[in-house]
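Scroll down for the structure; my scribbles are underneath it.
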């Protein structure tokens, strides 16, 4: 019976297509004045019927409430990939340059056209030289997705609009979609579409999407990608045409798209939205030209059509947590196409091209929610951002949640790649809803307060893994506060990651048990381009020996001891020693305007490696009891500089022979000992160069790529 229904529906559609082709070829007037209006009326009637049926059977869908921001006006890069579309370019380009939203640039691409496209493109570039660039290929790239990639790589904007050269749009397109990106979860926004053929509207996106009864296409909405895929995007490509889409610029282009002829855009959208949200607006319209002899129509009669759909289904299965019904529904849609337009006879042939059983055996990557205390200074605050960046680069669905438990610093926010979805949580009571809507599998927290907040949700969700990284806060907590946290997390945490052996002390002294859930993983950082700060900019003589401290400017971090040590070292004959202090806080405020000439206070800086590269050594004179795995050491190594540090936490194992470690005396820095070390290094170039040569070798273990691998193993449990 199911096959009969598929055959019946497909047969009707096949008959309509054949009739339309005949009329268009032999009876153009009948096609234009009778067939197309009749077809549109029939589709409208079917749409009304589907919507009426849908109102009775649609279930509630979780929608995401989009945050708004005043004066939000990011640069949009409009990419126009053209190949032999001269007849359509004038209308296409005029609807771009006439957009009511004005902060955009236009990148005009031509893929070795043989018509007069380039003359038209050059004319528009001349008329709009202030915001237009031309990029011409002398040899055809071989595929539209190669041009997409080229345009995205050339884009300077935060947002990308790929405006295909044969389509056109309403002039409010950008005005309606750009504001949604003020919400840092939104990764992609799209609008309604009218399908155009022979300059006539043949149907609409509302008609195309009428079978998805859980959506209301008459209203704007936002939805998590996880929910969007589970509600239908894993079954059919809900977004008819890329010209109706705006998305955040990504640092990498999904290779899966490049091998596809039909489903590449669908694969691109699925990859783009992972871990974030999608926004839809019916208030703007994209006009999508459907050509009778298009490549997509030809591919629909080839086995490749079903093979590409299988690859889409595999991608969904590997990257999204969706019910099995999504894949069986996808197969049912293909079954209808197979017996109808494709003309297939044997269901076994389709099952070989689209193997549902194989797809259902695939396991999805865990959806990861990375919780941060705040965008503030500290290893426990910056490391999760760096780890999230690397997980995103590896194509894991990762979302960062800012608990906002302290004041945010804009420069710390910049450490998170803008294409990593970000949620701001004003009230921890909303955490359970976030976990549900984003279909989170792992919540990873890095601070006692966020650990405790997450534990309430994890304790009541047996499918949720709670991972905690111990950055040293538990070590420094007072007994009452520590016991309160441990009591909360004991039942909820699936895995503790400790970065220093001493992180285990609070658990041992409180008889925590569960030794099997503890994993030792050191911190790691990203490699970055370094531009050393010129010493002249800091009023430092070129021949000075320079030490650089980077830390929170609190007394326990040893700023005063560093100053006193450098002062004592300079009292002896030998090479001058200067000190750079990078950081903000109590000590910075106290010292500002009241330091010797050899001390250079620069305040908080996000580009700390540039300052470390201006120095000869990184200096960590810390007396902080909670010091576990100082990121200064990694930053210094990545800047190519050895480190001199007090002996705390994992410092000796981190530095090895690429620096010097000195002991504290009764918990305090010995100024005399540190002064001696600095004087020795300043006056003994051979000793210094010996340490410096070891830096690159020792630094390799701190690459975030290696660290992320270990965390992925923990996430997968």
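Some values worked out for this structure:
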item: Sorted by Cβ neighbour density within 10 Å, fewest at the top, the residues 266, 161; result: 266, 161
item: Order of 252, 228, 195 - criterion: other Cβ atoms within 10 Å of each residue's Cβ, fewest first; result: 252, 195, 228
item: Global form of segment 368-520, assessed from the alpha-carbon gyration tensor, a/c cut-off 1.5; result: prolate
item: Centre separation in Å (Cα based) which lies between segment 276-311 and segment 547-591; result: 62 Å
item: Rounded if a/c under 1.5, otherwise prolate or oblate - segment 646-717, Cα gyration tensor axes; result: oblate
item: DSSP bridge orientation in segment 535-702 - percent antiparallel, rounded to nearest 5; result: 5 percent
item: Packing-based exposure ordering (other Cβ within 10 Å, fewest first) of 474, 715; result: 715, 474
item: Gyration tensor verdict on segment 535-702 (Cα atoms; rounded if a/c is under 1.5, prolate if a/b is larger than b/c, oblate otherwise); result: rounded
item: Using alpha-carbon coordinates, inclination of helix 379-393 to the longest axis of the chain, degrees; result: 30 degrees
item: Gyration tensor over alpha-carbon atoms, the chain, equivalent ellipsoid semi-axes in Å; result: 57, 31, 21
item: Percentage relative contact order, the chain, counting C-alpha pairs under 8 Å, at least six apart; result: 9 percent
item: Whole-percent pair-distance distribution, where bins are 10 Å wide, for the alpha carbons of segment 286-402; result: 12, 29, 23, 19, 12, 5, 0
item: Antiparallel %, DSSP beta bridges [both residues in the chain], to 5; result: 20 percent
item: Over the chain: helical MRE at 222 nm, DSSP H runs n ≥ 4 each giving -39500 (n - 2.57), nearest 500; result: -12000 deg cm²/dmol
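A short reminder: the numbers here are calculations on the coordinates, not readings from a lab. None of the values given here were measured: they were computed from a predicted structure. FYI the Cβ positions are ideal-geometry reconstructions off the backbone, even for glycines, and counts take in every protein chain you see.
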